[in-house]
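Chemist: This is the structure I have questions about; it appears just below.
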Amino acid sequence: MTTTVLTALCGLASGVALAGEPTFTLTILHNNDGESQLVDAGGDQSDFGGAARFATLVQDLRAAASDVPAGGSLLISGGDNFLAGPEFNASLNNGVPFFDSLALELIGYDAVAIGNHEFDFGPDVLADFLAGFSSGGPVFVSSNLDFTNEPGVQAFVDSGRVARSTIISVDGRDIGIVGATTPTLPFVSAPRDTIINDVAASVQAEIDALSTQGVNIILLTSHLQGVDEEIALVAQLTGIDAVIAGGGDELFANANDLLIPGDVAEGPYPATSTSLDGATVPVVVTPGDYKYVGRLELLFDEAGDLIEIGQNSGMNRVAGGDNPDAVDPDPVVQAQVVDPVVAALADQASNIVYSTDVGLNGIRPNIRRVETNLGNLIADSFLWVANERAAGFGLGTVDVAIANGGGIRNDSVIPLGDVSELENFGVLPFGNFLVVVPDVPAAQFKEIMENAVSQIENTNGRYAQIAGFTMEIDLNETAQVLDDDLNVTTPGTRVRELTLDDGTVLVTGGALVEGVSPGVSVAIPNFLARGGDQYPFRGAPFTSLGTTYDLVLTEYVRDALGGFVSVLDYPGGGEGRVVAIGGVDPVGVCPPDLNLNGSTNFFDIVTFITLFRDASPAADVNNDNKLNMFDVMGYVDAFQVPCP
């Protein structure tokens, strides 16, 4: 937990010392980052989460709030209401209304923040998502987004479905709800021509406008990618009473709150911050995936001043099965949302698209920090398909390919055996198109790769899985910094060596080799070519190859690899494409387990011998760019340490 959060946390359970007596109790039920996890929480948490159980728990908590004299409840989402993946693919195949739209409307949200993932497929799909709501349902709020240049979404601004803020009457009291969306939106999603304005100024303007209308209880629901951002924002605002945050999935809970097994609270619920006018403001957030409903009980006096936090405030897990707090799924949400999604997932799971004799490592902290065999496979697919199609688009040879770790989403090791359409789609779910950016100058290509390794310490999604070249990086060196226009403000010195597979050296000793290449042709997802994850292409023209990157992976394995991924081509430890000085070790992976099946045995020894015999860089255990007995000794030493 960050220092900011630690210093900001203080319990309000004993009340806020303000004048007046409580005359109105507002119960705010909230969650964030549902991200299309509609069926259940998944894996070994299948007895938790799920939109149908969530709906029932919300109904129960609303009923309890209605029993409080002089009060009522609101249900608010902190954004990221859908996410690319197999579940959302079921919505795309089903068409409008999307299953996520149905879920949010049936659950009964009053106001919903607009998060970054709502733009992952562009504003047109966001408009389709909004079109799935009937005349009732929630208002989507964001004070700092301007959709003037996006007519599809602007139509919902004109109709009132999307607004900078909204006013909802609860037991005769007007409650103002202001929205905000992360200003990093252009770098983490695909907002196209959406205008992103300053957050603090936009939020304050809406607070002031609501106050002018006589609204004296004002909430903010914002998706700023981490509760620290909301805590910092509160310090710039006046007239705000509470904040519902989203994007960070933090867990704050009290001592008596039941949590999902394995979950640990970062601090008490709620967190707090101090506003510019000196008020203590509660800030709340939940983990995502419909696993919890937060309940913030606020007691106000007649003037709309917050007097205290009610004793019913805390985190409520969404439980099923044999748990003592289990709830039955809401039958309507189950029938209209969950059951159709389950059926769609079953169809995807039954369709086998290829097989593998090596586990494919897409574990999130690995795919975003180190070379992995799944990353290599994906980058190779980009490069192979780009070259297969280059002639048809009037392009020459494509030199290299880049896949950003943030676009690879399975967060697991795909096990040995058959790989289904469901698993494959979960790896690359965003629907990005493969494009080619031709003739990137060598100096700019170095800046692109400096960006790719600039935030490894933060497990940032910009980390590059690569094909067509190798590089050596030194994490003790300076990380590159870019401004909002993707111009370099602090030059990076982490990329020490960079060599194309044809032997052309672009960087050595950290310096560019002048005059060696007229330009590098790059195969890359369109998200990155447009500046996503701050890749500094800076408007360079590109050609789309007309296929999404999940289909690129399938095509490569089917046509280039004969439908089979071999451990000899993609060993568990990678192939030495990226050598890091001061690097990080893979998480949850045993280095001598070359086929990533969870154990070391004779098969791994045979694989190493074969790699060594074939002079594969994957056998260079000590990363000295030589294959000799030191590598054999290093592997033997590693093999003797049992895998956990």
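Just so you know, all these numbers are worked out from the coordinates, no wet-lab data involved. Predicted model only: the values in this text are computed from it and were never measured. Quick reminder, even Gly has a Cβ in these numbers, built from the backbone with ideal geometry, and neighbours come from all protein chains shown.
Chemist: Give the long-range amide H neighbours of GLY115: residues separated by 5 or more places, or on another chain, with amide H under 5 Å away, using H modelled in the peptide plane at 1.01 Å from N.
Modeler: ASP80, ASN81
Chemist: Let me check I've understood the local charge: for GLY72, count other residues with C-beta under 11 angstrom from its C-beta, Lys and Arg +1, Asp and Glu -1. What total comes out?
Modeler: So the environment of GLY72 carries a net charge of -1.
Chemist: Can I ask one more? Taking the Cα atoms only, what angle lies between the long axis of helix 373-390 and the longest principal axis of the chain, rounded to 10 degrees?
Modeler: Between helix and principal axis, roughly 70 degrees.
Chemist: Also, quick follow-up: Pop out the ³J(HN,Hα) list for the stretch 341-358 in order, Karplus 6.51 cos²θ - 1.76 cosθ + 1.60 with θ = phi - 60°, rounded to Hz; leave Gly and Pro as x.
Modeler: Listing the rounded values in order: 5, 4, 5, 5, 5, 5, 4, 5, 5, 8, 9, 7, 10, 6, 9, 8, 9, 9 Hz.
Chemist: I've got another one for you. Expressed as a rounded percentage, what relative contact order does the stretch 352-589 have, with Cα pairs under 8 Å and six or more residues apart?
Modeler: Result for the stretch 352-589 is 32 percent.
Chemist: While we're looking at this one, here's another question. Which log10 I(q)/I(0) values, to two decimals, does the stretch 303-352 give at q = 0.17, 0.23 Å⁻¹ under the Debye formula with one point per Cα?
Modeler: Each listed q maps to, in turn, -0.77, -0.94.
Chemist: Using amide H atoms built in the peptide plane, which far-off residues or other-chain residues are under 5 Å from SER273 H to H?
Modeler: The list, which skips near neighbours in sequence, is VAL281, VAL283.
Chemist: Hey, with R₀ at 30 Å, roughly what FRET efficiency would GLU388 and THR504 work out to, going by the Cβ-Cβ distance, to 0.05?
Modeler: 0.85
Chemist: Expressed in nm to one decimal, what extension gain is obtained for the pair ASP357 and GLN640 from 0.36 nm per residue of sequence separation less their Cα-Cα distance?
Modeler: Between ASP357 and GLN640, full extension yields 99.6 nm more.
Chemist: Using r as the Cβ-Cβ distance of ASP124 and ALA560, and R0 as 25 Å, what FRET efficiency do you calculate, to the nearest 0.05?
Modeler: 0.15
Chemist: Local charge sum around GLY588 (other residues, Cβ-Cβ under 12 Å, Lys/Arg +1, Asp/Glu -1)?
Modeler: Cβ neighbours under 12 Å give a net charge of -2.
Chemist: A further question follows. Counting only helical runs of four or more DSSP H residues, what would the 222 nm mean residue ellipticity of the chain come to if each run contributes -39,500 (n - 2.57) and the total is spread over all its residues?
Modeler: Roughly -7500 deg cm²/dmol at 222 nm, from the helical runs in the chain.
Chemist: Here is a follow-up. Can you give the relative contact order of the chain as a percent, counting alpha carbon pairs under 8 Å and 6+ residues apart?
Modeler: Value for the chain: 14 percent.
Chemist: Counting only C-alpha contacts under 8 Å and six or more residues apart, can you give the relative contact order of the stretch 591-644 as a whole percent?
Modeler: 35
Chemist: I've got another one for you. Modelling each spin label as a point 7 Å along the Cα-to-Cβ direction, I'd like the ASP339/SER169 distance in nm, to one decimal.
Modeler: If labels sit at ASP339 and SER169, their model points lie 3.8 nm apart.
Chemist: Could you list ARG577, ARG558 in order of exposure, starting from the residue whose Cβ has the fewest other Cβ atoms within 10 Å?
Modeler: Arranged by neighbour count, lowest to highest, ARG577, ARG558 become ARG558, ARG577.
Chemist: For the residue pair VAL481 and LEU92, what label-to-label distance in nm results when each label sits 7 Å from Cα along the Cα-to-beta-carbon direction?
Modeler: Modelled inter-label distance: 3.7 nm.
Chemist: May I pose another question? At 0.36 nm per residue, and after removing the present C-alpha to C-alpha distance, how many nm does the segment from ALA235 to THR490 gain when stretched out fully?
Modeler: Extra length from ALA235 to THR490 when fully extended: 88.9 nm.
Chemist: What is the order of SER73, SER381, SER135, fewest Cβ neighbours within 10 Å to most?
Modeler: SER135, SER73, SER381
Chemist: Given Cβ point charges of +1 (Lys, Arg) and -1 (Asp, Glu) and nothing else, what value in debye, to the nearest 20, does the dipole of the stretch 352-589 about its Cα centre take?
Modeler: Charge dipole, the stretch 352-589, about its Cα centre: 320 debye, nearest 20.
Chemist: Continuing with the same structure: Each residue of the stretch 128-138 in order: what ³J(HN,Hα) in whole Hz does its phi give by Karplus 6.51 cos²θ - 1.76 cosθ + 1.60, θ = phi - 60°, with x for Gly and Pro?
Modeler: 3J(HN,Hα) across the stretch 128-138, in whole Hz: 4, 4, 5, 5, x, 9, 6, 5, x, x, x.
Chemist: Quick one: give the max-minus-min coordinate of the C-alpha atoms of the stretch 447-534 along each principal axis, largest first, in Å.
Modeler: 32, 30, 22
Chemist: At 37 °C and 0.692 mPa s, grab the translational diffusion coefficient of the stretch 591-644 from Stokes-Einstein with a Kirkwood Rh over Cα pairs, rounded to a whole number in µm² per second.
Modeler: Roughly 294 µm²/s, to the nearest whole number.
Chemist: Then there is this: Please turn the phi angles of the stretch 265-277 into ³J(HN,Hα) values with the Karplus equation 6.51 cos²θ - 1.76 cosθ + 1.60 (θ = phi - 60°), one per residue in order, whole Hz, x for glycine and proline.
Modeler: 6, 7, x, x, 9, x, 6, 9, 9, 10, 7, 4, 8
Chemist: Let me ask something else. Mind listing the long-range amide H neighbours of VAL413? Cut-off is under 5 Å, sequence gap 5 or more, other chains count too, H placed in the peptide plane at 1.01 Å from N.
Modeler: GLY362
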